Amino acid sequence: MKATLIFDSVNNLLFSKWDESFLSRMKTLNEQSSDGNITDSYNVAQLLSPIITSQRVMAAQFGNTYSSIQCKDNTVIVFDEFLDHVFMIITKDNIDDAHRELLDCKTLVQHICGQNIDLLHSPVYQDWLSVLLDSRNKGDSIPGASGVIGESGATVAALNALKAIAKEIKCSTYQHFHLLLFVGDKMLALYSSRGSEDLMPPDLILLSIQCIAAQEYWKDVNESNSKEVGPNSWIPWLSEENSAIVHLCAGPAVVPCAPHSLHIAEVAPRIVFVVLVDTELRDIGIAAQMSSQILSNLERLLLQRNLELLPSTLDSLEAALKKTTDALRKNKSNANLCARLTSRMLELRKSCTTTTPLTPETTATAMHTALDVVIEQLKPDIPSLKMDQPLKELTGLLAPYVEFLRVKAMRYFSLGSGETDASSITLHKYLEEFPGLIHFIYVDRTTGRFLAPDMADCADMLTPDTVRDIVRRAMSSVREGYGAAAWRRGALHACVVQWWERRGAALRPARPPHPAAVRALPPPGDLRLAFHRQLLELAFPNDSQGVSIKELICIHLGLLPASTAVQQARRLAHSVHELVGDNPAVAADLL
């Protein structure tokens, strides 16, 4: 049973995605309906409104927030709130898995809608979010990390091809862009124009999900037609040119608030070309997101009548609004809007500190209205790119590598259907050096990248579901505060080791995080890497520059003694570290 629900500020159901077992459960609660028709969103919202209201009242009026409810029949309800919208998942999954999925849902909403969550009223945005939620687990990536193609010849050829066609990408309005190639959900090459802001690790994971969604649609279209449809058929949730405005992560909070224009094209099956055009609204997006969040906190303080925190919150809001108006002026936006924001701030401060005819709640609402106009500025028109000629040239340059990359896409570490190319199975060097070792996953949690050997060699001994369970158990151990853990799963030994590095050298935390503090963090493995960023700050307060978190998950045969398995894991960590170095793309032998 699973349902993903988003409620707006007045508890109306804005987005819903559920299965039949959830509907059956709702029918048992709907005693007044004789026919049991509960498919209407209004009826579901009515049944769940007491829970939503309780969550809002406890959070807004008493400051007593709770993030989950666990029922006697093992049903789990998890909550999150963003800009007066409540996100909810109802499931019977593990509570950490449900919480991680909810965080990912919130990130995906911000990715496609920015701060204007009401865009989900549109069926197009509802379909878009639905397919992205479906696609987050369809690729080969593990939670919170994505893979790379490490074969040096193909990587260099792809990068040279992107450089060659960069001059063909003409977008007179904007000067900064990124060109990317994905094979499945793994990045093959990235070329950025001069002066472009670097893409953050969550951005690459979000883009890989977009690519998986596009590939799944194109695959379904070709399978449903007797004749194969030509490449780059229209994807319904994008424009007719397969483009849209998406929001990439920016700012210290790593929140999707920087609008970019996304353009997707298919080079060959499972090989996708992506163009990202920076719409140069990053500063406005960061400032507006900060202002909106502080204003929401201020409104909550007014509901709680918490006057002690009011002055400092007003100061923070004024500073954020100044950044917003400065960004608007720099972008040559409407001067009247800047003046309106400034005057609304003066009215808000006056109503909160002195006696005026206007109540603080009224002036806060007026401020919200003014910020909504700023958010409207973050919906630029999608620039039109003439992709036909660059795509044709790119296809020609990559032609010698297409078949190789298609095989690589099927033979990588795969959590999908287990498609493999059995004719080219080879035993890897690590199997000879570490007898009893079946599989391993090496993860750099700071960059959100992982390396893993081809699973074709161990397909008979290890199923995708087993790997999922082991990765999930490893993340649970890390969340409990353990630096290493080992356990037995049937005929297998599994272990996970986590350590810290600064510029390639092992490092001890200045202040080891307390296990209770680690357990209070969000579950590891979400798209924005929130757990590991906060863990880094706990371990190295004010000194986390250049520090990275590494993990190694090993799977051995159960006949091997546990001590030997742990010893091999330590040796393997050193071997992989030497092979990877500072550039994971050179680890071709592993992939």
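This table checks each residue for (1) out of contact with any strand residue (DSSP E or B) (no Cβ under 8 Å at 6 or more places or on another chain); (2) assigned to a loop (DSSP other than H, G, I, E, B); (3) modelled with pLDDT of 85 or more; (4) open to solvent by 30 Å² or more (accessible area, probe 1.4 Å).
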residue	(1), (2), (3), (4)
M367	yes, no, yes, no
P380	no, yes, no, no
S384	yes, yes, no, yes
A399	yes, no, no, yes
M410	yes, no, no, yes
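Inside the stretch 482-547, counting only strands (runs of 3 or more DSSP E) that do not spill past its ends, which hold 3 or more residues that are without any contact (Cβ under 8 Å) to a residue 24 or more places away in the chain, open to solvent by 70 Å² or more (accessible area, probe 1.4 Å) and closer than 24 Å to D469 by Cα?
Details: elements: 484-489, 492-502, 505-507.
Ranges flagged: none.
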Within the stretch 268-287, can you find the residues that are open to solvent by less than 20 Å² (accessible area, probe 1.4 Å), in contact (Cβ under 8 Å) with a residue 60 or more places away in the chain and farther than 16 Å from S193 by Cβ? A268, I271, V272, L281, I284, G285
Could you say whether any residue in the stretch 337-355 is open to solvent by 30 Å² or more (accessible area, probe 1.4 Å) and not in a helix (DSSP H, G or I)? yes
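Here's the yes/no breakdown for (1) assigned to a helix (DSSP H, G or I); (2) open to solvent by 10 Å² or more (accessible area, probe 1.4 Å); (3) touching a residue at least 12 places away in the same chain (Cβ under 8 Å):
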{"site": "I52", "(1), (2), (3)": "yes, no, yes"}
{"site": "E81", "(1), (2), (3)": "no, yes, yes"}
{"site": "M88", "(1), (2), (3)": "no, no, yes"}
{"site": "L103", "(1), (2), (3)": "yes, yes, yes"}
{"site": "T107", "(1), (2), (3)": "yes, no, yes"}
{"site": "L132", "(1), (2), (3)": "yes, no, yes"}
Those residues of the stretch 133-174 which are of a type in the set (D, E, K, R), at pLDDT below 85 and farther than 30 Å from V109 by Cβ, in sequence order: E151, K167, E168, K170
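Results for (1) within 24 Å of Y217 (Cβ to Cβ); (2) under 20 Å from the mean Cα position of the chain (by Cα); (3) surrounded by fewer than 18 Cβ atoms within 10 Å (Cβ to Cβ); (4) in contact (Cβ under 8 Å) with a residue 60 or more places away in the chain, shown as yes or no for each residue.
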position	(1), (2), (3), (4)
A154	no, no, no, yes
K167	no, no, yes, no
L180	yes, yes, no, yes
S196	no, no, yes, yes
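Yes/no matrix, rows are residues, columns are (1) outside any strand (DSSP E or B); (2) of a type outside the set (S, T, N, Q); (3) open to solvent by 40 Å² or more (accessible area, probe 1.4 Å):
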| site | (1), (2), (3) |
| --- | --- |
| C249 | no, yes, no |
| A265 | no, yes, no |
| Q289 | yes, no, no |
| L302 | yes, yes, no |
| L307 | yes, yes, yes |
| P311 | yes, yes, yes |
| L314 | yes, yes, no |
| T325 | yes, no, no |
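The values are calculated or read from the model by the stated rules, or taken from the named source; none is laboratory data. For clarity, every value in this text was computed on a predicted model and none was experimentally measured. Cβ sites come from the backbone with ideal geometry, for glycine too, and all protein chains shown count toward neighbours. Just so you know, the surface numbers come from the protein's heavy atoms only, side chains and all, with ligands and any DNA or RNA stripped out. Shrake-Rupley method; radii C 1.70, N 1.55, O 1.52, S 1.80 Å.
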